[in-house]
Amino acid sequence: MKNVENQLNRRNALKTLGLGSTAGVLGLLGSSKAHAAIKDVSTPSYEKGIQVKITKVRAILTAPYGTNLVIVKVETDQAGLHGIGCATFTQRAHTVVSAIEEYLDPFCKGKNVANIEDMWQTAYQSSYWRNGPVLNNALSGVDQALWDIKGKMAGMPVYDLLGGKTRFAVDTYTHASGKSTGEVMDDVEKYKEQGYRNIRIQLGGYGSTHLTNNPDWKQGGFGNAGDNTMDPQVYKRGTIEIFKKARERFGDKIELLHDMHERLQPMDAIDMIKKVEEYRPFFIEDPFSPENIGWFKMLREQTSVPIAMGELLNNPHEWLEPMSSRLYDYIRIHISQIGGITPAMKVARLGEWFNVRTAWHGPGDTSPVGHAANAHIDLAIWNFGIQEAQHFKELTYEVFPGTPTVKNGYMHVNEAPGLGIDINEKLAKRYPPVKYNYNWTQVRGKDGTPIRP
Ligand code: MG
């Protein structure tokens with residue numbers, strides 16, 4: 001009885017998504033065709049019934065909350081059946097749009113939606129030169145959209161296709177910040193009252209750059225007006241202080257996190273992490289830039305603080321050696337940056353072998369579609385660690401109906417087939433892309449030397 005009810009619920013969900021008639025045409029939920037398909041043991045499943053072909057791959061560029069988001073919509077030859085995926089590389093959004101429209105659309109047109117792995121592998125190498133954030137994001141849009149379509153065709157949420165739930169919801173962390181220690185503590189209090197158990201603390205922006213004014217380089221007529229300045233010792237002292245105060249005020253009942261954003265020189269980074277160890281961080285994120293990965297071994301030998309790393313890495317191979325050497329505890333991956341759900345699942349499964357857990361990147365410049373993809377994987381994998389949460393506004397739910405919800409610090413997806421999220425294109429058009437200064441918060445030392453994130 002329960003199964004029948006579930007199937008009916010899914011049929012209703014399909015109808016809600018405008019797919020009731022499509023499912024009927026495909027015969028995917030019809031019992032007689034389903035039985036015939038089960039008895040047929042020689043025809044490959046992708047040749048059974050009606051083969052669904054891609055007719056168009058479109059890029060949708062929208063900025064409903066002032067951040068340029070790139071969404072891919074994969075359209076099919078079945079009326080009403082489409083999928084969407086996140087291809088957001090906000091700093092170079094127009095370049096991703098061009099990669100989708102000029103290259104991926106003709107590449108995908110006419111292909112069967114069923115073969116996601118084949119599509120990923122062939123699209124990945126179709127440019128011969130590969131593995132950059134522009135092409136990976138474009139590919140992610142297609143990849144996520146194909147998982148969305150597969151879920152709709154199967155009548156299952158994507159987490160179900162990935163193996164089903166291993167937890168009831170997705171535990172998240174949120175960001176507390178302020179220009180003074182008191183402001184940071186008050187922000188922690190606010191989120192604690194909202195039910196968050198895991199709170200990231202930052203003083204004065206990444207690297208405490210908001211606390212340093214009137215730098216020498218500016219007086220010397222160097223750099224650009226919008227550039228920030230960082231004093232490594234101001235940042236180090238302030239960060240140790242907010243950890244100390246947070247433990248004094250909130251005791252041991254909350255988890256504290258911190259993102260270094262790769263801003264310190266290696267020895268300063270190691271020194272600071274050793275000094276916050278006594279305040280028991282849940283993790284410290286990105287102590288070193290990708291160029292400084294060789295310093296991790298020295299860090300691990302000196303402290304037991306858990307480390308999260310990896311949002312700037314591009315290719316799953318970049319995690320292999322650090323994971324197998326246990327150089328960090330949490331994998332920070334920006335899933336669209338590495339090409340979507342398909343490669344992210346491989347890295348997640350690899351992490352299980354080494355007891356490395358996930359902490360997918362979930363900032364404001366991941367689209368709501370990307371957050372839904374994060375959450376579906378989070379629900380399905382065993383070695384989930386924690387998820388960076390967003391506070392979605394009312395408008396987000398209007399432009400992206402089905403956006404995940406967050407309650408008491410837990411993120412939930414709905415039970416509709418696929419990713420459970422769509423885009424209201426008419427509304428999205430009302431929020432055209434914004435002009436972007438194309439410099440991701442340039443930070444300089446006191447003499448003006450650029451500091452890498
Ligand atoms: Mg980060």
antiparallel share of DSSP beta bridges within the chain, to nearest 5, in %, is 50 percent
The stretch 161-416: radius of gyration over Cα atoms, expressed as a fraction of 2.2 N^0.38 Å: 1.02
What is the spin-label model distance, in nm, from Asn115 to Lys48 if the labels are put 7 Å beyond Cα along the C-beta direction? 1.8 nm
From the backbone phi of the stretch 184-189, what are the Karplus-calculated ³J(HN,Hα) couplings (6.51 cos²θ - 1.76 cosθ + 1.60, θ = phi - 60°) in whole Hz, Gly and Pro given as x? 4, 5, 4, 5, 4, 4
Average projected area of the Cα convex hull of the chain, in nm²? 23.1 nm²
Between Arg430 and Glu278, what is the label-point separation in nm under the 7 Å Cα-to-beta-carbon projection? 5.5 nm
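Kindly provide the trypsin sites (Lys or Arg not before Pro) of the stretch 405-436 that DSSP labels as loop, not H, G, I, E or B, and whose Cβ sees at most 13 other Cβ atoms within 10 Å.
When the trypsin sites (Lys or Arg not before Pro) of the stretch 405-436 are filtered for loop state and at most 13 Cβ neighbours within 10 Å, Arg430, Lys435 remain.
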I'd like to compare 269-276, 78-85: which one has the highest average count of other Cβ atoms within 10 Å, and what's the full order after that? 78-85, 269-276
Kirkwood Rh and Cα Rg combined as Rg/Rh, the stretch 130-190: 1.25
Give the peptides 106-114, 154-162 in descending order of average Cβ contacts within 10 Å, highest first. 154-162, 106-114
If every alpha-carbon in the stretch 229-275 counts as one equal scatterer, what log10 I(q)/I(0) does Debye give at q = 0.32 1/Å? -1.28
For the stretch 163-212, restrict the atom set to alpha-carbon positions and state the Rg and Dmax in Å. 14.4, 49
Distance between the C-alpha centers of the stretch 328-369 and the stretch 160-196? Whole Å please. 18 Å
With contacts defined as alpha carbon pairs under 8 Å and 6 or more residues apart, what's the relative contact order of the chain in percent? 20 percent
Could you sort out which of Lys150/Lys297; Lys165/Lys253; Lys275/Lys393; Lys53/Lys407; Lys179/Lys253 sit more than 31 Å apart by Cα distance in this structure? Lys150/Lys297; Lys275/Lys393; Lys53/Lys407
What nm distance separates the two modelled labels at Thr405 and Thr181, each placed 7 Å from Cα along Cα→Cβ? 4.0 nm
Would you calculate the convex hull of the Cα atoms in the stretch 88-195 and tell me its volume per residue in Å³? 164 Å³
May I ask you to work out the translational diffusion coefficient for the stretch 296-355 at 20 °C, viscosity 1.002 mPa s, via Stokes-Einstein with Rh from the Kirkwood sum over Cα pairs, reported in whole µm²/s? 181 µm²/s
Cα lying deepest toward the dipole's positive end in the chain, options Ile60, Tyr279, Thr209, charges on Cβ: Ile60
Based on DSSP, what percent of beta bridges with both residues in the stretch 155-308 are antiparallel, to the nearest 5? 0 percent
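Rule-based calculations on the coordinates, nothing more; no lab input. Computed from a prediction, not measured in an experiment: that's the story for all the values here. Counting neighbours? That spans all protein chains shown, and the Cβs are built from the backbone with ideal geometry, glycine included.
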